[in-house]
Each structure stands twice: as C-alpha cells, then as structure tokens.
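Before any comments, here is the structure.
The values are calculated or read from the model by the stated rules, or taken from the named source; none is laboratory data. Owing to the predicted nature of the structure, the values given are computational and were not obtained by experimental measurement. Glycine also receives a Cβ, built like all others from the backbone with ideal geometry; neighbour counts cover every protein chain displayed.
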Amino acid sequence: MENIVIQGGSPLVGSVESSGAKNAALPLLAAAILADGPVTFHRIPHLNDIATMTKLLVWQGAEVEYDDQNRLTIDTTRADKPEAPYDMVKTMRASSLVLGPLLARFGEARVSLPGGCAIGARPIDLHLKALEVMGAEISVEHGDVIAKAPDGLKGKRVFFDQVTVTGTENIMMAAVLADGETILENAAREPEVVNLADALRSLGAEIEGDGTGTITIQGVPSIAGGDVYTIADRIETATYLAAGLITGGDVTVTKTDPKLLDAFLARVKEAGATVEVGDDFIRCAAPERLQAVNIHTMPHPGFPTDLQAQFMAMMCVADGMSLISETIFENRFMHVQELVRMGADIQLDGHTAVVKGVDQLSGAPVMATDLRASASLVLAGVAAKGETVISRVYHIDRGYERIEEKMRSLGANIERHYI
C-alpha cells in the first residue's frame, strides 16, 4: 500500500511542464485498432490507465514499443482478439473506447462494461444505441457487451440524447470505416474530441465539424499508420496552477495551451488571480487572498467537471461563500467529507456544494475516492498547516504523471511512502 504525505503551509512558486493529456491519449490509442500500419503516438504520459490500455492492446495481438521520450508505437495489423475482458479493464472507465474500433475492424466485439472511478453513471447506453442505429446487433451477457455487425457498419445520422465525450469518440472511430456518411448530432466539443479527429484525419479518415455539435464522417475503406500528437493535459495544467493559487504562490505551467482553459482562467481571474498567457504557457499569481467565486460544471466550453474538486479546494480558503454546482456526474462530491476533515466548511444541498471560506486548513489523514478528488486533497494538503496523509493514492496515478516530482519542483514538501 502507498500513501502520499504532505507537510503543507508554504507558497508554491516556480515553473512546471504539462504532460500529454490522459483523456486525449486513451482514445488515440484505441484508434490504433483501425490503422493498417504502425502508429507512433507522441507525448503519451506514463500513467496507470495508459499501461492498462497498452496491456489490453498487446493481449489482443498488437505489437507495442514505449520509449523514454513518451513515444508509444502500436502496430495492430496482427491483432486477432476483438475482446476486452473484465480482468484487464476493470480499473479503467475508458475501456468502452475499444468497442467501436473493434466492431468496425472485425465485425464483432466483446467488451466488458467499464470500471474506474465511482463518480456516477457513465451513459454507455448512448454508445450502444448509436451502434445499433449503424446496424450492429447488441446484447449484454454476464457483464460484457457483445456486438456483431457481420455486414459491416453503415453510415447513419446519430443523435445523442445527452452530450457524451466517450460516446462521441467511440462512434466517430466506428464511423471511420463504416459504409457511407455518418452524422453525429449533439456531439461533444471537448478538445480531446478535436485531438482525436485531427489524428484520424492525419491517418486518412474524412472528418469534418469536430469542435462543434455536429460531426460528419465519410467512411473510408482503410486508414494508414503514421505519427499522432497528443495535446497538453488541460486538467493537469489547471491543477498545478490551482496549487499555486491555493497556497498564495505564483506558478507557471509550460508546454500547454491556454486556449484549452478559457472557462477555468475566467473563474480564477474573478477570484483575484493575476493571469498571464503566452503561446504555450500560463502563469497564475495569487492575490493576498482568493475571493469566493461560483461555478457550474458544464460540457465544453463550460467549466470542466474534471476541475470541480480542485476549484472547490481553492474556495475552501477563499474570502466569502461559493456555490459549486455539479451537473455532469451525480456522485462527484465524495471529496467533500475529506475536505471537511481538514477544516473546510462545506454543506451539500443536492447537486450544489455551499463552501464558506476558512482562514486555514489543517493537515489530517484523508482518503482519495476518485482521480480528481485525489488531486483536490493534494491541493488542500499543500495549503494546510501540518501533515496530511492521503491513502488510496492509486487513483491519482491513473491521471497525474510524476505528481510528487512536479510538486516538489514548485517547493512542496511531498513524499510517497510505501507501507
């Protein structure tokens, strides 16, 4: 078992590099199933979810090479197992992303229903309905989705009843090799969706409209191998900027893209932070004390649900009262009780958290409940007076590359203990 131990209370100052985005990298790796040759992915972070996806592709028959420059080459031309068994994907929500590519390539797939963070329902039924519209026969047996399209998938108009990022990505990949034109309506607009569309186009797919609510895919007989580039991790970027702000510090994140964080940066400016941006960096300097700000999570370009927990941690020490409303996942307030253990004043009212800022948090033993909740506890820990011990840190390893090393480079007193 591993714990993260933090001695908090000092401002974080300095510069740190952003890694490639986990939420972009996972669908990119799944897309390798579609390619007729090897694909080299650049800027792939070393994370547990990436290792799980890579292990799955190897089990399916892919050849994989990962170097120390964050380059990952995948050749699926010899893959022959259109499956994703439970034992291999039980820790990763993104396992559903292989369903569309496997079905498009092999005409069949058996994929275990996904695991991962317990933050609420993920609407995989939207994926399944879309694939049925495209001609697939779908059944669920013993926890597995079984899909068959012996005559191939057909291009169709697909309307998502609600915005779904993984659903948009999954069906976009399936449509690349479908017969005819597929139109995705009420599609997700997240930067990770655009990154996937850019990558698929570079390999020979015909896709238009990504970044809008309507995406059009013209099916092609095949796509080739090539080089694919992962965007900066906007969630990691904002987490380190928040670490500077919650401690009264001054942090710059480099090798990132400010355009990916418009909603977050607008809110921290409202909270009193000084924000400076360049082509590939963001600097946030804290005011004497942060001011309370309300947020309301929404699909992109709204405020990201993946930053709700980190922003709440900042508001715990802000001047005034904040209302934080979560509209995406129903169980995404599990970090609240842990922040309260550290002295935060938070009351829950349905899907809204009422946060009254306190002068100082205090270190305490706390438990991570999901990936982004664990990040909020790290932020609270570096701001708190005294020692914070975070258990169940395997959650954070799913989405943050070398977090202790990066936090120490900013002046944090943080260590991982193996017990």
Check off (1) out of contact with any helix residue (DSSP H, G or I) (no Cβ under 8 Å at 6 or more places or on another chain); (2) in a helix (DSSP H, G or I) for A104 and give me the number that stays unchecked.
-> (1)
In the set V64, V16, the lone residue that is over 22 Å from E236 (Cβ atoms) and of a type in the set (A, V, I, L, M, F, W, C) is V64
Might you let me know whether region 169-184 holds any residue that is surrounded by fewer than 21 Cβ atoms within 10 Å (Cβ to Cβ) and within 20 Å of the chain's Cα centre (by Cα)?
-> no
Go through the residues of region 54-62 one by one and say whether even a single one is in the same structural domain as V133 (by TED's automatic domain parsing), without any contact (Cβ under 8 Å) to a residue 12 or more places away in the chain and surrounded by fewer than 21 Cβ atoms within 10 Å (Cβ to Cβ).
-> yes
Just one of (1) surrounded by fewer than 23 Cβ atoms within 10 Å (Cβ to Cβ); (2) touching a helix residue (DSSP H, G or I) at 6+ places or on another chain (Cβ under 8 Å); (3) part of a helix (DSSP H, G or I) trips up A79, so point out which.
-> (3)
Any chance you could count how many residues in region 252-286 are among the aliphatic types (A, V, I, L, M) and within 22 Å of the chain's Cα centre (by Cα)?
-> 8
Considering residues that are closer than 11 Å to G226 by Cβ and either basic (K, R) or assigned to a helix (DSSP H, G or I) (or both), the number found within region 32-50 is 1
Can you spot a residue in region 142-164 that is buried (at least 22 other Cβ atoms within 10 Å of the Cβ), of a type outside the set (V, I, T) and within 21 Å of the chain's Cα centre (by Cα)?
-> no
Could you count how many residues in region 36-54 are of a type outside the set (A, V, I, L, M, F, W, C), farther than 15 Å from R105 by Cα and more than 19 Å from the chain's Cα centre (by Cα)?
-> 2
Out of curiosity, is T91 more than 30 Å from H335 (Cβ to Cβ), surrounded by 16 or more Cβ atoms within 10 Å (Cβ to Cβ) and in the same structural domain as I207 (by TED's automatic domain parsing)?
-> no
Go through the residues of region 274-290 one by one and say whether even a single one is in contact (Cβ under 8 Å) with a residue 12 or more places away in the chain, on the phi < 0 side of the Ramachandran plot and in contact with a Cys (Cβ under 6 Å, 6 or more places away or on another chain).
-> no
Which of the residues belonging to region 69-92 are of a type in the set (K, R) and modelled with pLDDT of 95 or more?
-> R71, R78, K81
Return the total of residues in region 343-357 being surrounded by fewer than 19 Cβ atoms within 10 Å (Cβ to Cβ) and out of contact with any Asp or Glu (no Cβ under 8 Å at 6 or more places or on another chain).
-> 7
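Suppose the filter is assigned by TED's automatic domain parsing to the domain that holds L260 and of a type in the set (A, V, I, L, M); does A174 pass it?
no
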Complete set of residues in region 303-322 that are in a loop (DSSP other than H, G, I, E, B) and closer than 25 Å to A24 by Cα | P304
Of the conditions (1) surrounded by fewer than 17 Cβ atoms within 10 Å (Cβ to Cβ); (2) in contact with a Phe, Trp or Tyr (Cβ under 9 Å, 6 or more places away or on another chain), Y394 clears all except one; give me its number.
-> (2)
Has region 173-183 got at least one residue that is farther than 16 Å from A31 by Cβ, touching a strand residue (DSSP E or B) at 6+ places or on another chain (Cβ under 7 Å) and touching a residue at least 40 places away in the same chain (Cβ under 8 Å)?
-> yes
